[in-house]
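One structure is given below, encoded as structure tokens.
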Amino acid sequence: MNIHHEVDILLVEDNSDDVELTLHALRREHLANNIYTVRDGEEALEFLFCTGSHSNRNFDHPPRLVLLDLKLPKVNGLEVLKRVKQDPRTRSIPIVVLTSSKEERDLVDSYNLGANSYIQKPVDFDQFREMVKSTGLYWMVTNQHPLANPVQLAAGAK
């Protein structure tokens with residue numbers, strides 16, 4: 001499987017309807033050229049850490065943004081978040097938790113583990129699309145990204 005080296009957004013979502021809505025909203029607003037979707041936490045970790053089926057990737061081209069669901073098969077979103085934010089090679093990748101969870105515990109745990117943002121998915125189609133649009137605009141247009149890649153940043157921080 002050949003994956004673009006440049007991935008703007010990694011979407012980690014197992015719900016097909018939410019995947020389609022998210023992709024539609026991001027593409028409609030031209031917020032990301034390359035959006036890659038994985039359906040479980042295990043594949044998300046393989047993608048981000050360039051292992052397994054994603055060993056052809058390297059750390060020089062991390063996604064500019066990860067949209068992460070919490071309720072995922074194999075490895076849950078909180079565990080993905082924890083591993084990504086603990087590793088200096090991936091720590092600076094912005095992660096936005098996008099979840100249907102209404103649990104206060106999930107909100108607290110997400111921020112404690114290093115989430116950059118936490119958004120509860122609206123049930124309403126139009127509200128969902130608007131939320132994805134505003135999230136994409138902020139993280140892909142407004143937010144400033146470091147120019148160096150995360151590996152170089154981590155090496156320089158020692």
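The values are calculated or read from the model by the stated rules, or taken from the named source; none is laboratory data. For clarity, every value in this text was computed on a predicted model and none was experimentally measured. Note that each Cβ is placed from the backbone with ideal geometry, even for glycine, and that neighbours are counted across all protein chains shown. The accessibility values were calculated without ligands, DNA or RNA, using every heavy atom of the protein model including side chains. Shrake-Rupley method; radii C 1.70, N 1.55, O 1.52, S 1.80 Å.
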Given the structure, is residue 138 among the hydroxyl-bearing types (Ser, Thr, Tyr), open to solvent by 90 Å² or more (accessible area, probe 1.4 Å) and either closer than 17 Å to residue 11 by Cβ or in a helix (DSSP H, G or I) (or both)?
-> yes
Quick one: what pairs do we get from segment 103-126, first residue of a type in the set (Val, Ile, Thr), second in a helix (DSSP H, G or I), C-beta under 8 Å, 6+ apart or different chains?
-> 119/131; 119/135
What are the pairs, 6+ residues apart or on separate chains, where a residue within segment 16-35 that is among the hydroxyl-bearing types (Ser, Thr, Tyr) has its Cβ under 6 Å from a residue that is assigned to a helix (DSSP H, G or I)?
-> 22/132
What strands (runs of 3 or more DSSP E), lying completely within segment 1-89, carry at least 2 residues that are open to solvent by 10 Å² or more (accessible area, probe 1.4 Å)?
-> 35-38
Expected output for segment 74-93 (first residue under 14 Å from residue 49 (Cα atoms) and among the hydroxyl-bearing types (Ser, Thr, Tyr), partner in a loop (DSSP other than H, G, I, E, B) and open to solvent by 60 Å² or more (accessible area, probe 1.4 Å), Cβ below 8 Å, 6+ apart or cross-chain) is 92/146
Log entry, pairs with first residue in segment 130-146 being basic (Lys, Arg), second being outside any helix (DSSP H, G or I) and surrounded by 13 or more Cβ atoms within 10 Å (Cβ to Cβ), beta carbons closer than 9 Å, six or more apart or on different chains, reads 133/29; 133/31
Within segment 46-57, is there a residue that is modelled with pLDDT of 95 or more, farther than 19 Å from residue 8 by Cα and of a type in the set (Phe, Trp, Tyr)?
-> no
If a residue has to be closer than 24 Å to residue 62 by Cα, open to solvent by less than 50 Å² (accessible area, probe 1.4 Å) and outside any helix (DSSP H, G or I) to count, how many in segment 92-131 make the cut?
-> 12
